[in-house]
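The values are calculated or read from the model by the stated rules, or taken from the named source; none is laboratory data. Since this is a predicted model, take the numbers as computed values, not measurements. Neighbour counts run over all protein chains shown; Cβ positions are idealised from the backbone, glycine included. SASA here: full protein model, heavy atoms, side chains in, ligands and nucleic acids out. Shrake-Rupley method; radii C 1.70, N 1.55, O 1.52, S 1.80 Å.
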Amino acid sequence: MVDKIRIQGGIPLKGRLPISGAKNAALPILAAALLTDEPLHLENVPDLADMTSMQRLLQLLGAAITFQPGDGRKLSLHVPEMLSTEAPYDLVRKMRASVLVLGPMLARMGQARVSLPGGCAIGPRPVDLHIKGLEDLGARITLERGYINAQCDGRLKGAAIRLPFPSVGATENLLMAATLAKGETVIANAAREPEIVDLAHCLLAMGARIEGIGSDTLHIQGVERLHGARHAVMADRIEAGTYVIAAAITRGDLVLEGASPELFGAADETLAAAGIELSPVEGGMRVRPVAEGLRGTDVMTQPFPGFPTDLQAQFMTLMCVADGAAMITETIFENRFMHVPELTRMGARITVHGGSALVRGVPSLMGAPVMASDLRASVSLVLAGLAAEGETTVNRIYHLDRGYERLEAKLAACGAVIERIA
Ligand code: UD1
């Protein structure tokens with residue numbers, strides 16, 4: 001059974017919309033529970049399919065987990081001893097972020113066997129930088145029969161690592177591994193995404209010694225053991241950015257609870273240039289109606305603080321109905337324009353040339369049946385449906401549940417006419 005979402009477009013969104021905890025911060029933070037034999041107590045953990053996948057994997061490795069969904073979203077993880085050091089293909093295949101258990105398992109147990117994630121819809125996404133960095137830390141790694149086999153004698157050894165590209169996942173894996181290594185590790189050209197900062201703060205609470213948090217050079221003094229801790233996961237800036245665009249594209253007026261304009265790095269300049277006004281308010285951030293209308297604005301995806309690739313599809317949808325043209329260039333992933341043919345079916349004027357898409361704004365989109373592909377492409381079609389005239393059905397929406405908590409409920413509470421149909 002594959003669900004669809006049906007939307008009647010053209011209604012301005014109004015009201016308050018709560019932003020959940022960040023999926024991309026919570027995933028590595030859950031994996032960090034493997035670094036200690038004491039409990040890790042988390043708050044503001046989003047209730048998402050990707051979280052369930054990560055929990056299933058951690059349980060297999062020996063974690064006892066309790067989750068209280070209601071207010072506070074408390075999740076406790078406890079791995080008194082590791083029952084296995086293998087992350088099997090069936091789980092890794094479902095969620096690429098499973099590879100984040102590699103560094104922690106290796107650091108704690110001196111061995112790890114993790115299925116190679118393989119390709120996914122948005123491009124090949126190799127893990128060579130994770131592997132090379134762990135080798136720098138003294139691991140012996142072989143690839144066989146689709147698995148990464150990693151081993152080390154005793155503790156990993158601190159090292160100077162320079163990432164050729166600031167990969168988010170590689171930075172997280174190496175940061176976690178280095179916390180338990182012997183001596184100092186320096187990760188140069190590290191990724192600086194706010195989710196990495198959140199992970200680092202959780203590791204600090206667990207007793208890790210890390211300097212340079214938030215910069216492109218992390219200094220980690222390895223310690224012999226980490227302990228339990230409490231940590232509240234940061235707000236999801238991609239979910240927030242998606243609802244900023246939902247407000248703007250419907251000419252609505254939303255307060256996003258728990259979000260703030262600082263979450264966006266330099267991307268808030270792009271949003272401002274496009275005609276979106278964000279202002280901090282009590283308990284969150286307000287997205288104002290845009291008086292002069294939306295303006296075509298060029299954007300190029302970049303590592304943080306640049307414009308996030310995870311907002312590219314949503315921004316493209318916004319540009320479909322802006323005044324003038326916008327050149328949207330994707331530099332992080334190879335194949336991340338799968339939403340383009342679907343948007344075109346709704347009346348958008350988009351021409352793709354290599355990694356760039358030229359979007360010429362049209363006065364309005366028209367509702368249509370469309371097909372979702374990856375997570376962010378799926379939500380970009382929901383946004384298009386909210387703005388379009390008439391009815392849109394988005395098919396194959398299971399990706400949405402990987403990354404957006406209660407999407408229809410949150411939008412419906414702000415006036416959208418949206419329902420899920422089985
Ligand atoms: C994370 C996010 C994802 C986001 C991406 C970029 C999580 C769970 N996912 O993914 O939502 O879109 O950051 O902001 O946090 N690469 C290599 N070799 C490697 C690792 C990466 O070539 O070993 C390449 C990838 O193929 C890709 C680019 O580097 O083209 C960026 O990948 P990376 O920053 O690692 O993204 P993820 O951690 O997979």
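For the stretch 233-286: of the residues being of a type in the set (Ser, Thr, Tyr) and more than 22 Å from the chain's Cα centre (by Cα), which is surrounded by the fewest Cβ atoms within 10 Å (Cβ to Cβ)?
Ser279
Report whether or not Leu48 is within 16 Å of the ligand (Cβ to nearest atom), under 19 Å from Arg402 (Cα atoms) and of a type outside the set (Gly, Ala, Ser).
It is true that Leu48 is within 16 Å of the ligand (Cβ to nearest atom), under 19 Å from Arg402 (Cα atoms) and of a type outside the set (Gly, Ala, Ser).
Any idea how many residues of the stretch 150-170 are modelled with pLDDT of 95 or more and either within 16 Å of the ligand (Cβ to nearest atom) or acidic (Asp, Glu) (or both)?
11
Scan the stretch 291-305 for residues that are touching a residue at least 24 places away in the same chain (Cβ under 8 Å) and open to solvent by 20 Å² or more (accessible area, probe 1.4 Å) and jot them down. Break it down into steps so the answer makes sense when it comes.
The first filter runs over the stretch 291-305 and keeps only residues touching a residue at least 24 places away in the same chain (Cβ under 8 Å), leaving 293-305.
The answer is Arg295, Gly296, Asp298, Met300, Gln302, Pro303, Phe304, Pro305.
From Leu91, Leu83, Leu61, which residue is touching a residue at least 40 places away in the same chain (Cβ under 8 Å) and away from the ligand (no atom under 13 Å from the Cβ)? If you could, list the steps in order and put the result at the bottom.
Values: Leu91 fails: touching a residue at least 40 places away in the same chain (Cβ under 8 Å); Leu83 fails: touching a residue at least 40 places away in the same chain (Cβ under 8 Å).
Every option except Leu61 fails the conditions.
Looking only at the stretch 313-326, decide whether some residue is surrounded by 15 or more Cβ atoms within 10 Å (Cβ to Cβ), polar (S, T, N, Q) and within 21 Å of the chain's Cα centre (by Cα).
Among the residues of the stretch 313-326, at least one is surrounded by 15 or more Cβ atoms within 10 Å (Cβ to Cβ), polar (S, T, N, Q) and within 21 Å of the chain's Cα centre (by Cα), which makes the answer yes.
How do the strands (runs of 3 or more DSSP E) wholly within the stretch 192-295 filter down when requiring 3 or more residues that are in contact with a Leu (Cβ under 8 Å, 6 or more places away or on another chain): which remain?
The strands (runs of 3 or more DSSP E) meeting that bar are 229-232, 253-257, 284-287.
One residue is enough: does the stretch 27-35 have a residue meeting the conditions modelled with pLDDT of 95 or more, surrounded by fewer than 24 Cβ atoms within 10 Å (Cβ to Cβ), at negative phi and not hydrophobic (A, V, I, L, M, F, W, C)?
Checked against the condition, which is being modelled with pLDDT of 95 or more, surrounded by fewer than 24 Cβ atoms within 10 Å (Cβ to Cβ), at negative phi and not hydrophobic (A, V, I, L, M, F, W, C), the stretch 27-35 yields no hits at all.
Can you pull out the strands (runs of 3 or more DSSP E) entirely within the stretch 68-184 that have at least 1 residues that are surrounded by fewer than 15 Cβ atoms within 10 Å (Cβ to Cβ)?
Here the list reads 140-144, 160-162.
Can you tell me which residues in the stretch 355-390 are over 21 Å from Gly324 (Cα atoms) and open to solvent by 30 Å² or more (accessible area, probe 1.4 Å)?
The answer is Pro369, Met371, Gly390.
For the stretch 339-377, enumerate the residues that are within 14 Å of the ligand (Cβ to nearest atom) and out of contact with any Phe, Trp or Tyr (no Cβ under 9 Å at 6 or more places or on another chain).
Asp374, Arg376 - these are the residues of the stretch 339-377 that are within 14 Å of the ligand (Cβ to nearest atom) and out of contact with any Phe, Trp or Tyr (no Cβ under 9 Å at 6 or more places or on another chain).
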